[in-house]
Amino acid sequence: MHQSFIAFLLLLIFLPFFCLIGFFIKFSSKGPVFYKDIRIGKNSTLFYCWKFRTMRTFAEKELLLLLQTSSHAKKKWEKYRKLEKDPRIIPSLLWLRKTHLDELPQLWNILKGEMAFIGPRPVKKEEIDVFRSINPQKTEQMLSVLPGITGFFQISPSPLTLKKRLSLEASYTKGLDLKTQADILKKTILYSLYKPSGC
């Protein structure tokens, strides 16, 4: 069954749930329900990646201030591109990120053919030069397939360095058999329910 059709069905099924999440976000924080960010997709095509908003309105300014004032946070960010205790996240919406439910709106990206269910994590524009400085060939391999809602990076039980992440993301070019895809989907559900991470 085509991924876009499956995404359309899931959007219909989850529509009431979308409304509940949207209400909770509006109740928890002033600002929009959805967050969109420009990402680099297959063949370096730019697209808007959609999420439920879990961060404060001026999140990027808060991150910049933290990185300027904390050398520890700066080292962590440069190595992993994530923080264990991210000050940008609205505390009452942390559960959305930990369960990865904030990424449900990316079903719309799948419907539009911009993403797949399984693939490399969508790359931010400001990250691409960093990846190319690590390994240009693997970066191009990563960008030769559709990014995914979930994948090896998202189900990793521990933080990955950018170098390790790039090696995993580049491996999608070899193709995934049905068993591997099923394992990724199963682990995505299990991690969301029982072992949430802050990805």
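The values are calculated or read from the model by the stated rules, or taken from the named source; none is laboratory data. It should be emphasised that the depicted structure is a prediction, and the values quoted were computed from it without experimental measurement. All Cβ positions, even for glycine, are placed from backbone atoms using ideal geometry, and neighbour counts span all protein chains on display. Keep in mind that these areas ignore ligands, DNA and RNA; they rest on the heavy atoms of the full protein, side chains included. Shrake-Rupley method; radii C 1.70, N 1.55, O 1.52, S 1.80 Å.
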> Residues with amide H under 5 Å of VAL123's amide H, sequence separation 5 or more or different chain, H placed in the peptide plane at 1.01 Å from N; which?
Replying inline: ILE40
> What residues have an amide H closer than 5 Å to that of ALA116, excluding those fewer than 5 places away on the same chain, when H is modeled at 1.01 Å from N in the peptide plane?
Replying inline: GLY148, ILE149
>> In whole Hz and in residue order, list the ³J(HN,Hα) couplings for region 173-189 that follow from phi through the Karplus curve 6.51 cos²θ - 1.76 cosθ + 1.60, θ = phi - 60°; x for Gly and Pro.
In response: 5, 7, x, 10, 6, 4, 5, 5, 4, 5, 5, 5, 5, 5, 5, 4, 5
> Expressed as a whole percentage, what fraction of the accessible surface of the chain belongs to carbon and sulfur atoms when a 1.4 Å probe is rolled over the protein heavy atoms?
Replying inline: 64 percent
> What percent do you get for the relative contact order of the chain when only Cα pairs under 8 Å and 6+ apart count?
Replying inline: 24 percent
> With all protein chains present and a 1.4 Å probe, how do SER156, SER167 order by accessible area, largest first?
Replying inline: SER167, SER156
> Taking a ≥ b ≥ c as the square roots of the eigenvalues of the Cα gyration tensor of region 48-104, is the shape rounded (a/c under 1.5), prolate (a/b larger than b/c) or oblate?
Replying inline: prolate
>> For a bin width of 5 Å, list the pair-distance distribution of region 81-199 built from all Cα-Cα distances, rounded to whole %.
In response: 2, 11, 20, 23, 23, 15, 6, 1, 0
> Using the Kirkwood radius built from alpha carbon pairs, what does the Stokes-Einstein equation give as D for region 27-134 at 10 °C and 1.306 mPa s, in µm² per second?
Replying inline: 104 µm²/s
> So between PHE24 and LYS179, what do we pick up on full extension, going 0.36 nm a residue minus the alpha carbon distance?
Replying inline: 52.1 nm
> Can you count the Lys pairs in region 55-119 with C-alpha separation below 17 Å, eight or more apart or on different chains?
Replying inline: 9
>> How big is the dipole moment of the chain about its Cα centre under a simple scheme where the beta carbon of each Lys and Arg is +1, that of each Asp and Glu is -1, and everything else is neutral? Debye, nearest 20, please.
In response: 440 debye
> Taking every DSSP beta bridge that has both residues in the chain, what percent is antiparallel when rounded to the nearest 5?
Replying inline: 85 percent
> Dividing the alpha-carbon radius of gyration of the chain by 2.2 N^0.38 Å (N being the number of residues), what value is obtained?
Replying inline: 1.01
> With the Cα gyration tensor of region 135-199 giving a ≥ b ≥ c as the square roots of its eigenvalues, does the rule (a/c under 1.5 for rounded; else a/b larger than b/c for prolate; else oblate) give rounded, prolate or oblate?
Replying inline: oblate
> What list of ³J(HN,Hα) couplings, whole Hz, do you get for region 10-21 from phi and the Karplus terms 6.51, -1.76, 1.60, once you set θ to phi - 60° and write x for glycine and proline?
Replying inline: 5, 4, 5, 5, 8, 3, x, 5, 4, 5, 5, 5
